[in-house]
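Written below as structure tokens is the structure these notes are about.
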Amino acid sequence: MLNIDLHCHSDASDGMLSPAALVARAAANGVDVLALTDHDEIAGIATARAAAEAEGITLIPGVEISVTWEGVTVHVVGLRIDPAHPELAAGLVGIRQGRMERARRMGADLARAGIAGAYEGAHARAANKEMVGRTHFARWLVDEGHAGDLRAAFRHFLTRGNPGYVEHEWTSLENAVGWIRGSGGTAVLAHPGRYPFTARDTHRLLDAFRALGGAGVEVITGSHHPSEYGKWADLARAFGLKASRGTDFHAPGEGIEPGRVPALPHYCRPVWEGWPELQPLLAPASAACF
Ligand code: AMP
Ligand code: MN
Ligand code: MN
Ligand code: MN
């Protein structure tokens, strides 16, 4: 069976590995098909693609777009996108500009709480100076001794009600899905189990996402506890959405390694069903089954 990981970050966003190093690590872990899905950024795709060719694995160009839906931040993964598509590229430029303005407000908020130099520290930790996120702040807070580890940094700072948290309006669900589909890509709702929604709101989000042309939801993700897999597999099926699998890998030692999550439940319809670039990989395997 193919090892397909459709959610990973490089240092073009808040991952720690360069796109080439991420691809090499995924290949070493036995990943056959890898999507690079940096937050609001496509700058890593060209080098990731070249590295994938050298490693003999298949790279899926992707992105993870930050969205505000009914006041809550939601992430939408775009797969098989065209990074050169003008509307998508321009939309992401706009989101990154908003991010940088947010980063300054986060730094100012931490300064008001007595923690100075956070913006500069986060900025210094970002390889891509257009993409400073909360993870860069969290790593700086840990390095400076304000938090014991990344989880603690997010528990005590950077989250609602804590220093370093500022409200921010990302793009709309409609824009994100529209840009992804406009560039020829497939839109997948990222880690649905992470949002603070009631069952009713979750159903409304899935309905809205589907109505806009969203194609799938992440069922198997590093963000879901194994006890949740069945629930999201069932919801995907009930709402006519396909299922995706991805680790949401960011860095060695921070969470799950590329490729190291379970396979999709057998009754799921995989989001990669029918993708032409996977046919040469699937054909010999299925032939071997019979
Ligand atoms: P941002 O898009 O800048 O708001 O940052 C979101 C990112 O922060 C996520 O993609 C994760 O990488 C990271 N993150 C959020 N919450 C946590 C957490 N509790 N522990 C570790 N990382 C987190
Ligand atoms: Mn992240
Ligand atoms: Mn996410
Ligand atoms: Mn992610």
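Please treat every number below as a calculation from the coordinates, not as lab data. Only a predicted model underlies this, so the values are computations on that prediction, with no experimental measurement involved. Here the Cβ positions follow ideal geometry from the backbone for every residue, glycine too, while neighbour counts run over all protein chains shown.
Identify, from the list Arg125, Arg139, Arg99, the residue that is among the basic types (Lys, Arg), in contact with a helix residue (DSSP H, G or I) (Cβ under 8 Å, 6 or more places away or on another chain), within 11 Å of ligand 1 (Cβ to nearest atom) and at negative phi.
Numbers: Arg125 fails: within 11 Å of ligand 1 (Cβ to nearest atom); Arg99 fails: in contact with a helix residue (DSSP H, G or I) (Cβ under 8 Å, 6 or more places away or on another chain).
When all the criteria are applied, what remains is Arg139.
Which one is nearest to ligand 2 (Cβ to nearest atom) among residues in the stretch 53-84 that are of a type in the set (Asp, Glu) and touching a residue at least 60 places away in the same chain (Cβ under 8 Å)?
For the stretch 53-84, the residue satisfying everything is Glu64.
Could you check, for the stretch 86-97, whether at least one of its residues is polar (S, T, N, Q) and either crowded, with 17+ Cβ neighbours inside 10 Å or touching a strand residue (DSSP E or B) at 6+ places or on another chain (Cβ under 8 Å) (or both)?
The answer is no; no qualifying residue exists.
Quick grid of which residues meet (1) away from ligand 4 (no atom under 16 Å from the Cβ); (2) among the hydrophobic types (A, V, I, L, M, F, W, C); (3) without any contact (Cβ under 8 Å) to a residue 40 or more places away in the chain; (4) within 29 Å of Ala89 (Cα to Cα):
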| site | (1), (2), (3), (4) |
| --- | --- |
| His136 | no, no, no, yes |
| Asn162 | yes, no, yes, no |
| Gly182 | yes, no, no, yes |
| Ala187 | no, yes, no, yes |
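Testing Arg99 on (1) over 15 Å from the mean Cα position of the chain (by Cα); (2) away from ligand 3 (no atom under 16 Å from the Cβ), one condition comes back false. Which one is that?
For Arg99, the exception is condition (2).
Got at least one residue in the stretch 236-244 being within 29 Å of Asp11 (Cβ to Cβ), within 16 Å of ligand 1 (Cβ to nearest atom) and not hydroxyl-bearing (Ser, Thr, Tyr)?
no
Take the residues in the stretch 133-152 that are of a type in the set (D, E, K, R) and part of a helix (DSSP H, G or I), then tell me which one is nearest to Ser13 (Cα to Cα). Steps first, please.
From the stretch 133-152, those of a type in the set (D, E, K, R) are 134, 139, 143-144, 149, 151; that's our starting set.
Within this subset, residues satisfying the condition of being part of a helix (DSSP H, G or I) are 134, 139, 143, 151.
Working: Arg134: 11, Arg139: 14, Asp143: 19, Arg151: 19 Å.
Per the stated criteria, the residue is Arg134.
Scan the strands (runs of 3 or more DSSP E) fully inside the stretch 1-93 and keep the ones with 1 or more residues being over 20 Å from Asn175 (Cβ atoms). Steps first, answer last, please.
Details: elements: 33-36, 58-69, 72-79.
Ranges flagged: 33-36, 58-69.
Scan the stretch 27-46 for residues that are touching a Pro at 6+ places or on another chain (Cβ under 8 Å) and within 16 Å of Gly253 (Cβ to Cβ) and jot them down.
The answer is Asn29, and nothing else.
Tell me which of these Glu120 doesn't satisfy, since it passes every other one: (1) closer than 28 Å to Asp5 by Cα; (2) more than 19 Å from the chain's Cα centre (by Cα).
Here Glu120 clears every test but (1).
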